[in-house]
1. Determine whether residue 27 is part of a loop (DSSP other than H, G, I, E, B) and either under 11 Å from the mean Cα position of the chain (by Cα) or modelled with pLDDT under 95 (or both).
2. Tally up the residues in the stretch 137-178 that are at pLDDT 95 or above, hydrophobic (A, V, I, L, M, F, W, C) and in a loop (DSSP other than H, G, I, E, B), please.
3. Filter the stretch 20-38 down to residues that are farther than 17 Å from residue 88 by Cβ and among the small types (Gly, Ala, Ser), then give me how many there are.
4. In a loop (DSSP other than H, G, I, E, B) and surrounded by 19 or more Cβ atoms within 10 Å (Cβ to Cβ): is that true of residue 75 in this structure?
5. Scan the stretch 143-170 and report the pairs whose first residue is in contact (Cβ under 8 Å) with a residue 24 or more places away in the chain and more than 17 Å from residue 73 (Cβ to Cβ) and whose second residue is open to solvent by less than 90 Å² (accessible area, probe 1.4 Å) and in a loop (DSSP other than H, G, I, E, B), with Cβ atoms within less than 9 Å and a gap of 6+ or a chain change.
6. Return only the number of the condition from (1) touching a helix residue (DSSP H, G or I) at 6+ places or on another chain (Cβ under 7 Å); (2) in contact (Cβ under 8 Å) with a residue 40 or more places away in the chain that residue 138 does not satisfy.
7. Give 29, 104 a once-over and let me know the one that is open to solvent by 20 Å² or more (accessible area, probe 1.4 Å) and in contact with a helix residue (DSSP H, G or I) (Cβ under 8 Å, 6 or more places away or on another chain).
Amino acid sequence: MPSKVTPYITMNESTFWEILRNVKISEQDANETLKALLSKLSHNEIKEFDTIYTEKLKLLWQWENWAVAFIICGCNTEYDFLDFCNWCLLQGEEYNDRLYNKPDELYDYNFPLKDNLPYPYVDELDLVPGLLYEELTGQELPYHQVVNYQPKGKRFKNKPKSLKESYPNLFNKFWNKN
């Protein structure tokens, strides 16, 4: 099946972040919005988007980031952490830079709530490009395993004292509220 004819855009990090920004500002479901936006691209561009998305997920797949998710929302499974990473990517490049470099400064970020508790999760956003590509071409994209690997770095200690020492601002804002 030939690739759709669409105006070619260069799929690079800038375009990647722009697409995710448009998903974030949409009032619609994130997965459906991403699918609609990616549907306008060529098959190769969808594939390239998926590659960049996977690279970004792998960068987030670190114990330090899991500690942040654990403090904010009690994240304690690999799949919840993946959904947290999906949510982080939707927040954009600046948010992710803060997460990489100064995670404790995220205490003032406007995290979404569910049942009055922080709920920074987006389920299965990482699957959208691959499912769309398969729907359009009948072929699967290479499966990029993220969840089946241990996060990078040193595993965090989930003891309150250790978490408070490592992330005092996040701990003070979220710990007793989870």
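The values are calculated or read from the model by the stated rules, or taken from the named source; none is laboratory data. All values reported here derive from a predicted model rather than from experimental measurement. Backbone-built Cβ (ideal geometry, glycine too); neighbour counts: all protein chains shown. The area values use the complete protein model at the heavy-atom level, side chains included, leaving out ligands, DNA and RNA. Shrake-Rupley method; radii C 1.70, N 1.55, O 1.52, S 1.80 Å.
1. For residue 27, the condition - part of a loop (DSSP other than H, G, I, E, B) and either under 11 Å from the mean Cα position of the chain (by Cα) or modelled with pLDDT under 95 (or both) - is met.
2. Residues that pass the stated criteria total 1.
3. Residues flagged as farther than 17 Å from residue 88 by Cβ and among the small types (Gly, Ala, Ser) within the stretch 20-38 amount to 2.
4. Yes.
5. 146/61; 147/61; 149/61; 152/61
6. Residue 138 satisfies all of (1) touching a helix residue (DSSP H, G or I) at 6+ places or on another chain (Cβ under 7 Å); (2) in contact (Cβ under 8 Å) with a residue 40 or more places away in the chain except (1).
7. Answer to the selection: 104.
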